[in-house]
Amino acid sequence: MNEEFGESCDYARPDDACTLIVDKWFNIERCRLMRALVGCVLIGVMASVSWGHDHRPAWADVSPGIFVQISGAAAVRGDASPWIVVKVLNTTSDDATLVRVELLEDGVVVASEASSTLLHGVGDAVVTWQRAERKLATLHEQRSAMSKLMVQQATAMQTIGAGLRSCRLDPLVESCGDYVVRVITEQQGTLHHEDMSVQLTCSPALPRGIAPAQRFARGSDGSWQLITDEQIGSDEVWLAGDQHLHTTWSLDAHVLDGTEEGPAGYADAARAVGLDWIMITDHSNIHAWWGGDWFFTPEQHEAARQEAASYRASELWPVLYSQEMGLGRTGFWEVASHMLVYPLDTFDAPYLENPSEGLVFGHAECEDEQVVIDRINSNGCYGFIAHAFDEGTLSFAKWNWNNGATGWAGLEIWCDAESTFKEEDLQALNKWHDLLRDIAPPSGGVLADRPGFPTRFPVGIGNSDAHQTGHIGQVFTYAPLESVSPTTLREVFLSGRCVASDGPLVTLSCNTSSIGDVAILPDGKARTVVRLETTSEFGTVDQYTLVLEKDGEALLTLPTGDASGYAVEYVIDSPTMFADGTHLTAWAQRNDLERLAMTNPVWLQPAMPGDVDGSGSVTIDDMLAMLGAWGPCAGCPADANRDGVVDVNDVLLLLAAWSI
């Protein structure tokens, strides 16, 4: 029970696969295609794109004029109502007045906000920033010259940031559709208006893993048959959350993206896109004086934490507050890698010191990786490596896999604020599979502890790294939860019961053991079930490629082309197919490369018939487990003869193998 809420705070391959896969994972050309398909549009309405990892502001390439950017919850799910945030910047050299911002449907104003706000002309500052950027691109390891240019950029950004204005529009509309945002300004006595199209989209709630599904079974000859009229619904509910978010308390979000929302605004946006929780991870390795304030201070952490706590208390919705820490020193500028800090037993992590200095924002020259990780683990938290293969020359570094650091729980295998699976994500994914292959096979029904680590295997998760509300939930993590609390989140993240996704849900089980667990295979026999669930937003299941992997290599491509609707399940019974592997994973991707989901592993342990718990011997514990599973129990370890029923025949097999 959480003291803040009271009594009940819980919230609630065969060869045909090679047409999409080269080697063992998505190839580089495929990643390039994915980026090309996504294009350069934010919610379909941005005049410019702000890429979180490029650390380039949305106005970086604009010409003189009135720059308009749209964020917010323009695409919502379930019963949420859309709303948008309109940001306005005067990139000319003359001052103007923001008169009014309107949202129009078929020419009729459905929402508006009067302003009469002065828009300072920041065109000269934009030009200064652009010139400095171009010059920086020609220099390399020239500390004095580059530092002067970075100071010029920072000074220009202060001017530009002070000139940015924003407002939120909540249209009183019952349906989504096509709208126009109109920004009306006055400059030198003349009214001007800028129109921008925006589509407010309303979609079903995210998949929960419980929708009735078609079921296909694989025969001994390798053929697939639809089990007639058998619509199977799972009773395991999957919820979704985004664990890598930056609010206005992160200086880069505040300055580069013009983000003004704190934890409450982010929680509103997350709920609108159908998420069930969020973890906010504001940057703590920034130590700079900006706009009259120091960033990032214990006082700011506490103010944001209190805002998150107030939101939980009033809305009974789990927004957790923590930080993203810098650690290590890489390259000429000694920039840091990043680690996400998640609390073990509380909704909010304590403020953790993150000493850093150097460069304009004081974000380099951090402490060694092990020092920071030890601080995380000794303060009631655990850490995930953030965007391990992404880097910015003057901002942050790739993770150094040769640093010898221990104690981290896992890594982001997908991290993108635009729902794009990039080359860097491919590298993270491949590295993750290499790490999984290094894990010793389970014994006694469990994986061995990893000395110095909080997890028995490196867990893979998905996050957005959103620096503005419109990017929240572009990538996220599914987990099987009956309720959301610090305890339940800790359990799923440290056990690896996670699926990284941007919409579709793929689940996997073997002999009734789920993702993150160990499956016992009596005499090497196994029943594996792979399930794909989507919605109308993400497309029908026949639009997807669904692949089951063994030890990180494609094993079977499942026949989604024979299925229909939004949920399908595939059952593979085999006496030998899985016995020589250590783990299974599965992934699904829509055939236009727009949607993707990837599971964590189910671990495999062959055992003798009757050894229900995988201990290596047959004892009274196995007999009790068998009696507890008595009756229909297809695929469970107690079903020693694999006939789908635990009965006297299984007991006879157990007794024949009884250990004295």
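The values are calculated or read from the model by the stated rules, or taken from the named source; none is laboratory data. In this text, all values refer to a predicted model and were calculated from it rather than measured experimentally. With ideal geometry, Cβ positions are generated from the backbone for all residues, glycine too; neighbour counts draw on all protein chains shown. These area figures cover heavy atoms from the full protein model, side chains too; ligands, DNA and RNA do not enter into them. Shrake-Rupley method; radii C 1.70, N 1.55, O 1.52, S 1.80 Å.
Points to keep in mind about this one:
- Across the options Ala586, Gly462, Ala132, the greatest Cα extent toward the positive end of the charge dipole of the chain (unit charges at beta carbon of Lys, Arg, Asp, Glu) belongs to Ala132.
- Calculated P(r) of the range 351-505 - Cα pairs past 25 Å, %: 35
- Extents of the chain, largest first, come to 94, 56, 53 Å (Cα atoms, principal axes, whole angstrom).
- Normalised by 2.2 N^0.38 Å, where N is the number of residues, the C-alpha radius of gyration of the range 182-229 stands at 2.86.
- Förster-model FRET efficiency, 60 Å R0, Leu624 and Asp124, C-beta, rounded to 0.05: 0.15
- Span from the the range 599-660 Cα centroid across to the the range 268-335 one, whole angstrom: 48
- In plain terms, the chain from Asp94 to Val645 could stretch by 190.3 nm, reckoned as 0.36 nm per residue minus the Cα-Cα distance.
- Computing FRET efficiency as 1/(1 + (r/R0)^6) for Ser144 and Trp294, where r is the C-beta to C-beta distance and R0 is 25 Å, gives about 0.45.
- Its Cα gyration tensor gives the range 258-407 an equivalent ellipsoid. The semi-axes, each the square root of 5 times an eigenvalue, are 27, 18, 14 Å from largest down.
- Dimensionless Rg over Rh [the range 121-177; C-alpha; Kirkwood]: 1.32
- Rolling a 1.4 Å probe over the heavy atoms of the protein chains gives the chain an accessible area of 38 Å² per residue.
- If R0 equals 22 Å, the separation of the Cβ atoms of Asn591 and Thr201 corresponds to a calculated FRET efficiency of about 0.55.
- Descending by average beta-carbon neighbour count within 10 Å, the peptides 598-610, 448-460, 578-590 line up as 598-610, 578-590, 448-460, the highest first.
- Burial ranking of peptide ranges 133-143, 430-440, 241-251 (average Cβ count within 10 Å, highest at the top): 241-251, 430-440, 133-143
- Lysine pair number, Cα distance threshold 24 Å (strictly under), the chain, separation 8 or more or different chains: 11
- Heavy-atom accessible surface of the chain: percent carbon and sulfur, 1.4 Å: 50
- Between the C-alpha center of the range 473-500 and that of the range 358-394 there is a gap of 23 Å.
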